[in-house]
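The values are calculated or read from the model by the stated rules, or taken from the named source; none is laboratory data. Remember, predicted model here, so these are calculated numbers, not experimental data. Ideal geometry is used to build each Cβ from the backbone, glycine not excepted, and the neighbour counts take in all protein chains shown. Only protein heavy atoms, including side chains, enter the accessible area calculation; ligands, DNA and RNA are left aside. Shrake-Rupley method; radii C 1.70, N 1.55, O 1.52, S 1.80 Å.
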Amino acid sequence: MRYLPHTSEEIALMLEAVGLSSLEALHAPIPERARLKKPLDMLPAMDEPSLMRHLEELAGKNRAASMLSFLGAGAYDHHFPPAADQLLLRSEFYTAYTPYQPEVAQGTLQVIYEFQTIVSEIFGLPVANASMYDGASAAAEAVLMARRLVGREHTVISAGVHPEYVQTIETHVRQIGHGTKSLTMVPVAANGSADIAALCAAVTNETACVVVGYPNFYGSIADLRELAKVVHEKGALLITTTQDPFALALLEPPGAFGADIAVGEGQPLGLPPQFGGPGVGLFACRDDRKYLQQIPGRLVGETVDKNGNRGYVLTLATREQHIRRDRATSNICTNSGLCATAMTIKMCMLGKKGFIEAARQCLAKAEYLKTKIADLPGYSLPLGAPTFNEFVVRVRGGSAQKLCTALAEKGIIAGFDLGRFFKDRQSDLLVAVTERHTREDLDRFVDALAAYSCLTP
């Protein structure tokens, strides 16, 4: 069996090399009381064909991949071209590790450089790092970076930021200074967008940064120019978070209206949604020496060799393995290399025109679906702010959870039950649309909603 690599002969040779006669002699230094006297409590071992059949049976129980899905809430089902998947399987990509030595890692370094360029263009900010774990870790690192730059702790967060991003921020600051007491949450406006007036009012001379979703968790979009102005007047920084960067193909990029740091989730740009992960965190900021000194993770830069040929090098890596521990900006020791490569490949294949066209399809199809659902008896769109491809539906009968269960029986994932995060939103469903949905998909969903009876047990 290839997962049991050592034969009896090999084990005997290894024991001979260390001067022992048996495995019992090798284990002799382990105290008797610490040794297990019985077999592990596990199911009997299977041979390889039996194991593969067992795993296939388990996988067959998961119907999600074959269901019509309107699930978003941070992970989105955009098209991922098979050609990109095939390129990703090349050994140069999936075996490459940290490109410490530029003379043997030009391919990896160039991919990271291209990745950074794409992120920079999407966010409209000149500097982007080589990626973080996911959007949530990028948001937390952005808050820590802002605090280091400004020298303050107080952080204002719009309640429209993804709840899991907020939880990650809370985890990162819990043991620093005043901990979570340094965080001020500001509810969203009645239309679901960021409450600009309330956010501006929450900013003080002690504020380090303001974190706001763009679009936010409910899919709502707000004009953040006034907020950026007020934040900067107070000497603080503006941080935006974006769950689905396809929105920025049509919206003004954060850097254009004054965001100092923009973060987001790269999964929609290059990874299929698969059981919650993996993700790839996007991180971009202003071009300033102070920012470069504080940005987390690593940066790849372009240079020339002694012959004047273009090349790429690891320009900046402010982790504790590279510099003094007390000067490290982050304990994230690497980038999401394979995921960032997947995103880079897909985005290069899509091109700028394809990126914008896919975003237009998302918007048009979402607007079509919104109109159809709003016309159904018992359903409404409770939030009136503009949206991109995700929006909130108040469902018939008042229970989004029951509706999700009922439609799952019909092979439809209706969306995300907001009651899972918010007790006061048990009747609200977050619905996401991508370019993959056809008119027939949207109409099938509408028909299923129309046929849904909240009286059905």
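Taken over segment 268-291, the residue count meeting the criterion of being within 26 Å of A358 (Cα to Cα) and out of contact with any Gly (no Cβ under 6 Å at 6 or more places or on another chain) is 15. For segment 400-425, a residue qualifies if it is buried (at least 17 other Cβ atoms within 10 Å of the Cβ) and either closer than 15 Å to A450 by Cα or among the aliphatic types (A, V, I, L, M) (or both), and the qualifying residues are A400, K402, L403, C404, A406, L407, I412, I413, A414, L418. In this structure, does G301 turn out to be under 17 Å from S137 (Cα atoms) and at pLDDT 85 or above? No; evaluated as a whole, the condition is false for this residue.
Name the residues in segment 371-386 that are open to solvent by 20 Å² or more (accessible area, probe 1.4 Å), under 25 Å from D195 (Cβ atoms) and in contact (Cβ under 8 Å) with a residue 40 or more places away in the chain, would you? Hits for segment 371-386 are P382, L383, G384, P386. Please indicate, with yes or no, whether at least one residue in segment 22-41 is over 27 Å from E10 (Cα atoms) and in a loop (DSSP other than H, G, I, E, B). The answer is yes, given that some residue of segment 22-41 is over 27 Å from E10 (Cα atoms) and in a loop (DSSP other than H, G, I, E, B). Every condition in (1) touching a Ser or Thr at 6+ places or on another chain (Cβ under 9 Å); (2) part of a loop (DSSP other than H, G, I, E, B); (3) at pLDDT 95 or above is met by E141 except one, and the failing one is (2).
The criterion of at least 2 residues that are touching an Asp or Glu at 6+ places or on another chain (Cβ under 7 Å) and open to solvent by 40 Å² or more (accessible area, probe 1.4 Å) is met, among helices (runs of 4 or more DSSP H) falling completely within segment 44-123, by 106-123.
Does segment 269-277 contain at least one residue that is at negative phi, under 24 Å from the mean Cα position of the chain (by Cα) and free of Cβ contacts under 8 Å to residues at least 12 places away in the same chain? Scanning segment 269-277 turns up at least one residue that is at negative phi, under 24 Å from the mean Cα position of the chain (by Cα) and free of Cβ contacts under 8 Å to residues at least 12 places away in the same chain.
Just name the residue that is nearest to the chain's Cα centre (by Cα) out of those in segment 225-249 that are under 22 Å from Q294 (Cβ atoms) and among the aliphatic types (A, V, I, L, M). My answer is I239. In this structure, is Y368 touching a residue at least 40 places away in the same chain (Cβ under 8 Å), more than 21 Å from N216 (Cβ to Cβ) and touching a Lys or Arg at 6+ places or on another chain (Cβ under 6 Å)? Spelling it out, it is not the case that Y368 is touching a residue at least 40 places away in the same chain (Cβ under 8 Å), more than 21 Å from N216 (Cβ to Cβ) and touching a Lys or Arg at 6+ places or on another chain (Cβ under 6 Å). Among the conditions (1) modelled with pLDDT of 90 or more; (2) open to solvent by 60 Å² or more (accessible area, probe 1.4 Å), G276 misses just one, which is (1).
Whenever a residue of segment 109-130 is more than 17 Å from D288 (Cβ to Cβ), its partners that are assigned to a helix (DSSP H, G or I) and among the aromatic types (F, W, Y), lying with C-beta atoms within less than 9 angstrom and at least six residues away or across chains, give the pairs V111/F93; I122/F355; A130/Y113; A130/F115.
The single condition among (1) out of contact with any helix residue (DSSP H, G or I) (no Cβ under 7 Å at 6 or more places or on another chain); (2) aliphatic (A, V, I, L, M); (3) part of a helix (DSSP H, G or I) that L269 does not satisfy is (1). Quick check on segment 180-187. Is at least one of its residues in a loop (DSSP other than H, G, I, E, B), open to solvent by 20 Å² or more (accessible area, probe 1.4 Å), closer than 30 Å to R394 by Cα and touching a residue at least 60 places away in the same chain (Cβ under 8 Å)? Scanning segment 180-187 turns up no residue that is in a loop (DSSP other than H, G, I, E, B), open to solvent by 20 Å² or more (accessible area, probe 1.4 Å), closer than 30 Å to R394 by Cα and touching a residue at least 60 places away in the same chain (Cβ under 8 Å). If you go through segment 222-245 and pick out every residue that is of a type outside the set (G, A, S), farther than 22 Å from G281 by Cβ and either part of a strand (DSSP E or B) or open to solvent by 10 Å² or more (accessible area, probe 1.4 Å) (or both), you end up with 8. For segment 435-452, state whether one or more residues are buried (at least 17 other Cβ atoms within 10 Å of the Cβ) and over 23 Å from Y76 (Cβ atoms). Yes: one or more hits. Before we move on, is F416 aromatic (F, W, Y), touching a Pro at 6+ places or on another chain (Cβ under 8 Å) and in contact (Cβ under 8 Å) with a residue 40 or more places away in the chain? It is false that F416 is aromatic (F, W, Y), touching a Pro at 6+ places or on another chain (Cβ under 8 Å) and in contact (Cβ under 8 Å) with a residue 40 or more places away in the chain. Selection of segment 333-388 for residues being in contact with a strand residue (DSSP E or B) (Cβ under 6 Å, 6 or more places away or on another chain), assigned to a loop (DSSP other than H, G, I, E, B) and of a type in the set (A, V, I, L, M, F, W, C) yields C333, L383, A385. Do the conditions hold for V156, that is, is it over 13 Å from A262 (Cα atoms), β-branched (V, I, T), crowded, with 24+ Cβ neighbours inside 10 Å and at pLDDT 95 or above? Criteria met by V156.
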